[in-house]
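Visitor: I'd like to ask some things about the structure below.
FYI, it's all coordinate maths here, none of it is from the lab. For clarity, every value in this text was computed on a predicted model and none was experimentally measured. Every residue, glycine among them, receives a Cβ derived from its backbone with ideal geometry; neighbour counts consider all protein chains shown.
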Amino acid sequence: MVPKLALVTGASSGIGEALAQRIAADGVDLILVARREDRLRALAAELPVETHVVPLDLTDRGAPEALMAEVARYGRPVDVLVNNAGFGHAGAFAKEPLEQQLGMVDLNIRALVELSHRVLPALVERRHGGILNVASTAAFLPGPYVSVYYATKAFVLSLSEALAEECRGQGVTISALCPGPTTSEFGAVSGMDRTRLFKTIQRMTSAEVADAGWKGFRAGRRVVVPGWQNKMSSVVTRHGPRALLLPMVKFLQS
C-alpha cells in the first residue's frame, strides 16, 4: 500500500505532531486537524509535502461532518485516517466534573467512530488505505482514578480489532497504536504526570512512538505496542489476575 494523502487529527502536538512528521517523511501529503491553528500552520510550514490545515474542535457535534465537507473540496480521496485526537484526565470519577468526563467520551470515542464511518466505506470500495487509531496501553485493563480515559481507550482498541477483522482480505488496514507514558504535553494537561506511574516508568519520545506506529501500520499489524517495557506490561495486564492488577493500577495512578 502506497498512501498519497493522510488525514491526522490532534496534529498540533505530541504523538499527533510526530505522526504527521513521520508520515510526511515518506512523501505522503497531509491534512492536519486540531483546535490550535497557529500550531498547525507552524507544523505545515516545516513539512516537505502538500499540507492542508483544518482548525476544528472535534468535540463539537457536527465537526466531523464539517471536516469531511472541507476534505471533499480538495478533490482527493483520503488514503489513511489517523485518529489521534483525544485527551485524558486523572482524578476520582465521583469528584471530577461530569462535563469533562463526557468530553473525553465525545472526543476519544464519538468523533473517532464518526470519522472512521465517514472514511472507511470509500477505502473498502477502493480496496486501498486504512485507519490508524491511537489507543494506549491503558486499553488493556481498567484504570482506577483515570477510569473514563482507560475505558475510552479500551473501546478504541476493541473497535480497531473488530474492524480489522471485518476488513481482512479487502485491502484495507486497521491498526491500533497502544503507547505507554510518552514525553509530550499529555502528562501535564491530563494531570497524569503527577502520578506514580508517570514518575517511575521510562517514557518514550513522541517520535519513537510515531515511528513504531507508522511502521506497524504499513506492515499491516492489527495492534502496535511500541517499546519493550510497554510490550511486557501489556502481556501482564492482558493475562494477569484483575484482583491483583487493579489495586496496583490504583496505587500507580494515585
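Visitor: Name the lysines eligible as straight-distance cross-link partners of Lys250: C-alpha to C-alpha under 26 Å, and not fewer than 8 places from it in the same chain.
Guide: Cross-link targets: Lys95, Lys153, Lys199, Lys231.
Visitor: Could you give the angle, 0 to 90 degrees to the nearest 10, between helix 112-126's Cα long axis and the longest principal axis of the Cα atoms of the chain?
Guide: Computed tilt is about 40 degrees.
Visitor: Answer with a single label: of (i) 29, 20, 17; (ii) 28, 23, 18; (iii) 36, 27, 19, which was calculated as semi-axes √(5λ) of the Cα gyration tensor in Å from the structure in view?
Guide: (i)
Visitor: Let me ask something else. State the extension gain, in nm to one decimal, for the chain segment bounded by Val124 and Glu165, taking 0.36 nm per residue of separation less the distance between their alpha-carbons.
Guide: Fully extending the segment from Val124 to Glu165 adds 13.5 nm.
Visitor: In deg cm²/dmol, rounded to 500, what helix-only [θ] at 222 nm does the chain give when every DSSP H run of at least 4 residues adds -39500 (n - 2.57) and the total is split over its residues?
Guide: Value at 222 nm, helices only, nearest 500: -14500 deg cm²/dmol.
Visitor: Sticking with this structure for a sec: Rank by packing, highest mean first: peptides 113-122, 95-104, 126-135, with packing defined as the count of other Cβ atoms within 10 Å averaged across residues. Write out the running numbers ahead of the final one.
Guide: Working: 113-122: 16.9, 95-104: 12.8, 126-135: 23.1.
Listed from highest to lowest mean packing, they are 126-135, 113-122, 95-104.
Visitor: Nearest 10 degrees is fine. How inclined is helix 63-73 to the longest principal axis of the chain, computing both from alpha carbons?
Guide: 30 degrees
Visitor: Of Val28, Val80, Val235, which has the largest mean-square fluctuation in a 10 Å C-alpha GNM of the chain?
Guide: Largest GNM mean-square fluctuation: Val235.
Visitor: Once phi is turned into ³J(HN,Hα) by the Karplus curve 6.51 cos²θ - 1.76 cosθ + 1.60 with θ = phi - 60°, what whole-Hz value does each residue of the stretch 164-178 show in order, with x for glycine and proline?
Guide: 4, 6, 4, 8, 4, x, 10, x, 10, 9, 10, 10, 10, 8, 10
Visitor: Put +1 on the Cβ of each Lys and Arg and -1 on the Cβ of each Asp and Glu in the stretch 5-252; which of Ala151, Asn84, Val54 then has its Cα farthest toward the positive end of the dipole?
Guide: Going by the Cα projections, it comes out as Ala151.
Visitor: Taking other Cβ within 10 Å of each residue's Cβ, how do Met204, Met68 sort, fewest first?
Guide: Ordered by Cβ neighbours within 10 Å, fewest first: Met68, Met204.
Visitor: Helix 14-25 against the longest principal axis of the chain: what's the angle in degrees, Cα atoms only, rounded to the nearest 10?
Guide: So the inclination is approximately 30 degrees.
Visitor: Now a separate question. Could you tell me the distance between the Cα centroids of the stretch 1-36 and the stretch 216-247, to the nearest Å?
Guide: 25 Å
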